[in-house]
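The values are calculated or read from the model by the stated rules, or taken from the named source; none is laboratory data. Please read these numbers as outputs of a predicted model, since none were measured by experiment. With ideal geometry, Cβ positions are generated from the backbone for all residues, glycine too; neighbour counts draw on all protein chains shown.
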């Protein structure tokens, strides 16, 4: 290479360096693309990312104690729960100051119902004390007056809960979500008669896997037929697949009730043909069987459609070629056709599994006690007990579980091996 | 030019008509026959008297607590009046989501001048709560069960008696009421039920009693389930709200009868959400003054078999609007039905609900 060519910079017609000009054009291109997708990006951030982050945050957020009882929280710092005695007068004086303001703002009952999740009885303790606070003597001494209002103020457990939940952030919800609790001696499992969440997580995973597998077993042959029958027949079949898909979820679930219950259509028929006796009617609903049957039916289209769209793209000439080389029908299917349909299986299975793991209305209606999912408890804590922190912690764990399974799937099957068509 | 004039004129017209006509009032309730009874007894007559008010029915009471909290956090409360059960009213009041009211100034006095607070009496269980009806959770049973050999259950403990009354039962999928009934039938005196339930042993005792019928029980979560299960013959005896059983027996003529023994009274009523602008609060209060007076509460009982919450309304309860039968004998408060009743302890459950519910769900799952 000569010096002359190395020093010479390629320029465009208007004299600018070609490299810079190209970079500018590319940058402009990128910027335009970004502007074009900006509305979508903003929409996704606002309606998807922000709510999820907000929910994750609720599972650790615990500002309510420090906000409602600021002085008490500070005064409690020097109190040692191991002393086995309630705090001294100074803490009670701080409590009086805080509660007087809280009662004025009517926030004391809110704190009471928050702490009642941790210790039974605190809800009424705060309500009761709130009613008495205006009648207390402002000059003190306060400890006796509080003990007169409710003797629970003299118990170490009450103060221990207050102290333990005074930081602005807590791991308490996550501990509850794995059936654990923090006591004076550290973290331990809850008593056996209160353990439920880990068990429900396990059951949710197990049932979701069973539902995914049964969807695959039922859906694969149907998708195969759809992809290979003549157009007229396959269109009709497609409508049969889509029709239930368009029907309301509740209607389909109720229909299963009518079919499966002990005095229902299927049992009546079995009794009528003398296969079972009237006294031994099958129990097919309000248990796991009911959940599996109803959810398999509801989620089946989500398995069939991706399978179908992948199978549609598999060229029939491969199977023909295999057969012309001497393969039997089975070998041609198993060695040639099936591997090409695996991306469809992957897409369908991931779709069905992720939908199944978060289902709650169908298990609630047909699951009885042995067929309910973790999402039923999340719904309960959102709408009924108002323990949103615990609901958020359970939801976070469900989200993490799905992400972990997704990664495992990526490792084993490969995410680029998933196709929706 | 012409188009602009038209648009301008149209806007002006719309604004003028907006000012002159309806102010919308969103009232939240339970839907179904219950909302219909409120519509007939309260909303329609009120709108006739006040043509400028337009009442919008929202059927979200089942999720009211969670939705109100979300609205409050978002700072945009779109509901004017909400129908909730008493325990939810207490919870909303505790959370600062419902407005505390002075019952004597907001509500009308009885026709004889008794102030509202006395007319409603003990049923005002929270400063935020405006009682409307008394309903009860009680049992219905099929009258055509061959296995029972002609016996009919007349005692709450017959629910736990699988020998005399074999067959499936249905109970609500929550601890409230079930644990009380279990203890009553395990030899605990009525007055001691809650003090026994406060102890670990008492709770274990209740669950042990429920264990005896657990594998014969279908658990419901919506009030409509038990009537359906009874009608289909899926269960032979089951608990639900008395109004649902009334509809099943009197309107659908199913072979079902009421047990009534140890029925648990509960209350349903209104709360006003906090965070409403003043003029909306004033409008709601005007509606409440009308809709909770003695005559209106008695009118509601023409359409549904729930007892009016005012003492002064009881003598005014008449006949069912369509069936033409006397409603008094179908009221949970009727002396014949209320021979043995159980009072639901709201304060107690506000404290113990979280704890016992966790244990109950763990017990159910096992």
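Kindly check whether there is at least one residue in the range A:168-189 that is on the phi > 0 side of the Ramachandran plot, surrounded by 18 or more Cβ atoms within 10 Å (Cβ to Cβ) and within 14 Å of another protein chain (Cβ to nearest Cβ). Yes, the range A:168-189 contains at least one residue that is on the phi > 0 side of the Ramachandran plot, surrounded by 18 or more Cβ atoms within 10 Å (Cβ to Cβ) and within 14 Å of another protein chain (Cβ to nearest Cβ).
When residue B:275 is tested against (1) in a loop (DSSP other than H, G, I, E, B); (2) more than 14 Å from chain A (Cβ to nearest Cβ), only condition (2) is not met. Cβ separations smaller than 7 Å between residues 6+ apart or across chains give the following pairs from the range B:186-198 residues that are assigned by TED's automatic domain parsing to the domain that holds residue B:352 to residues that are outside any helix (DSSP H, G or I) and surrounded by 12 or more Cβ atoms within 10 Å (Cβ to Cβ): B:190/B:342; B:194/B:345; B:196/B:188. Restricting attention to the range A:229-269, the residues being exposed (fewer than 13 other Cβ atoms within 10 Å of the Cβ) and touching a residue at least 12 places away in the same chain (Cβ under 8 Å) number 1. Would you mind stating whether residue B:37 is in a helix (DSSP H, G or I), more than 14 Å from chain A (Cβ to nearest Cβ), modelled with pLDDT under 95 and over 30 Å from residue B:166 (Cβ atoms)? Yes; evaluated as a whole, the condition is true for this residue. Within the range B:190-238, the only residue that satisfies the criterion of being outside any helix (DSSP H, G or I), surrounded by fewer than 21 Cβ atoms within 10 Å (Cβ to Cβ) and away from chain A (no Cβ under 13 Å) is B:223. Considering only residues of the range B:59-117 that are part of a loop (DSSP other than H, G, I, E, B) and within 14 Å of chain A (Cβ to nearest Cβ), which is surrounded by the most Cβ atoms within 10 Å (Cβ to Cβ)? Result: B:97.
Residues of the range A:16-28 include at least one that is over 30 Å from residue A:175 (Cβ atoms) and in contact with a helix residue (DSSP H, G or I) (Cβ under 9 Å, 6 or more places away or on another chain). Just give me the residues in the range B:329-366 being closer than 30 Å to residue B:251 by Cα, at pLDDT 90 or above and either buried (at least 17 other Cβ atoms within 10 Å of the Cβ) or within 11 Å of another protein chain (Cβ to nearest Cβ) (or both), in sequence order. Result: B:330, B:331, B:332, B:337, B:341.
Within the range A:371-390, the set of residues being modelled with pLDDT of 90 or more and either in a loop (DSSP other than H, G, I, E, B) or more than 10 Å from chain B (Cβ to nearest Cβ) (or both) comprises A:373, A:374, A:375, A:378, A:387, A:389.
Considering only residues that are in contact with a helix residue (DSSP H, G or I) (Cβ under 6 Å, 6 or more places away or on another chain), within 21 Å of residue B:119 (Cβ to Cβ) and free of Cβ contacts under 8 Å to residues at least 60 places away in the same chain, which ones fall in the range B:71-104? Correct list: B:103, B:104. Only one of the numbered conditions (1) within 13 Å of chain B (Cβ to nearest Cβ); (2) in a helix (DSSP H, G or I); (3) under 30 Å from residue A:398 (Cα atoms) is not met by residue A:215, and that is (1).
Look at the range A:402-421: where a residue is over 17 Å from residue A:355 (Cα atoms), no partner that is at pLDDT below 75 sits 6+ places away or on another chain with Cβ atoms under 8 Å. Which residues, taken from the range A:190-212, are within 11 Å of chain B (Cβ to nearest Cβ) and either on the phi > 0 side of the Ramachandran plot or surrounded by 21 or more Cβ atoms within 10 Å (Cβ to Cβ) (or both)? Passing the criteria: A:196, A:197, A:200. Here residue B:276 meets each of (1) closer than 29 Å to residue B:290 by Cα; (2) over 21 Å from the mean Cα position of the chain (by Cα); (3) without any contact (Cβ under 8 Å) to a residue 24 or more places away in the chain with one exception, condition (3). Taken over the range A:270-287, the residue count meeting the criterion of being free of Cβ contacts under 8 Å to residues at least 24 places away in the same chain, assigned to a loop (DSSP other than H, G, I, E, B) and away from chain B (no Cβ under 11 Å) is 6.
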